[in-house]
Amino acid sequence: MSKVLETRRARRFCAAPDCDNNSESCTLSFFSFPKDPERSKKWIENSGRFDLIAKKPLDLSKNTYLCTNHFEDSNFSNIKNKKNRLTPTAVPTIFTKSGIPHLGTATNQPILDPGMENNMKKRLEKELEKALKENEILKKMNKKLKLLNAKVQRLERRSRHSAYLRRF
Ligand SMILES: [Zn+2]
């Protein structure tokens, strides 16, 4: 890009939550977010700007920037000069705070704390034990019921037989 176009470019604001720098208020460089989705994600995660995650990396790369202050020296390919060129793998790591709660820590937490989980497990084990006992009782009752049924059938047969005999 030519020098003329460079100066005509719209003012760039730093997207870091802890930073008010813009291209008119300072002489720092402003680096656009990477087009590569993986790297773009890293920039978003490190800066804490999780509200940007829904945007396309390509769109972010056109209008979203971070200033020099968020990159360690090792990220610059021209550290001895102006520090206005990043290495292809540069990732911003210097942030004093993130503006939005870190989603990572929120989603990594287990839904149940270990104590609650243990209690629930114990309760389920007890319920299972109870159900197994009830099942045993039911089995025994079923056996008894079958025996009683057989007995009833025998008695019925016998009474039918005696009724038949009584007709004579
Ligand atoms: Zn900044």
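The values are calculated or read from the model by the stated rules, or taken from the named source; none is laboratory data. Fair warning: this is a prediction, and the values are worked out from it, not measured in the lab. For neighbour counting, all protein chains shown are included, and Cβ atoms are generated from backbone atoms with ideal geometry for every residue, glycine included.
Taking the conditions exactly as written (more than 30 Å from Pro17 (Cβ to Cβ), among the small types (Gly, Ala, Ser) and either at pLDDT 90 or above or surrounded by 10 or more Cβ atoms within 10 Å (Cβ to Cβ) (or both)), does Ser98 satisfy them or not? Considered against the rule, which asks whether it is more than 30 Å from Pro17 (Cβ to Cβ), among the small types (Gly, Ala, Ser) and either at pLDDT 90 or above or surrounded by 10 or more Cβ atoms within 10 Å (Cβ to Cβ) (or both), Ser98 comes out as no.
Picking from residues in region 43-58 that are within 16 Å of Cys14 (Cβ to Cβ) and charged (D, E, K, R), the one that is farthest from the ligand (Cβ to nearest atom) is Asp51. Close Cβ contacts (under 6 Å, 6 or more residues apart or on different chains) running from residues in region 50-69 that are more than 17 Å from Asn84 (Cα to Cα) to residues that are at pLDDT 95 or above and within 16 Å of the ligand (Cβ to nearest atom) comprise Leu52/Ile44; Ile53/Ile44; Leu60/Phe33. The condition (being of a type in the set (S, T, N, Q), more than 12 Å from the ligand (Cβ to nearest atom) and either farther than 18 Å from Phe13 by Cβ or in contact with a strand residue (DSSP E or B) (Cβ under 6 Å, 6 or more places away or on another chain) (or both)) is satisfied by just one residue among Ser40, Ser23, Ser61: Ser61.
Among the conditions (1) part of a strand (DSSP E or B); (2) exposed (fewer than 15 other Cβ atoms within 10 Å of the Cβ), Leu66 misses just one, which is (2).
Filtering region 31-48 for residues that are farther than 21 Å from Thr96 by Cα, exposed (fewer than 13 other Cβ atoms within 10 Å of the Cβ) and of a type outside the set (D, E, K, R) leaves a non-empty set.
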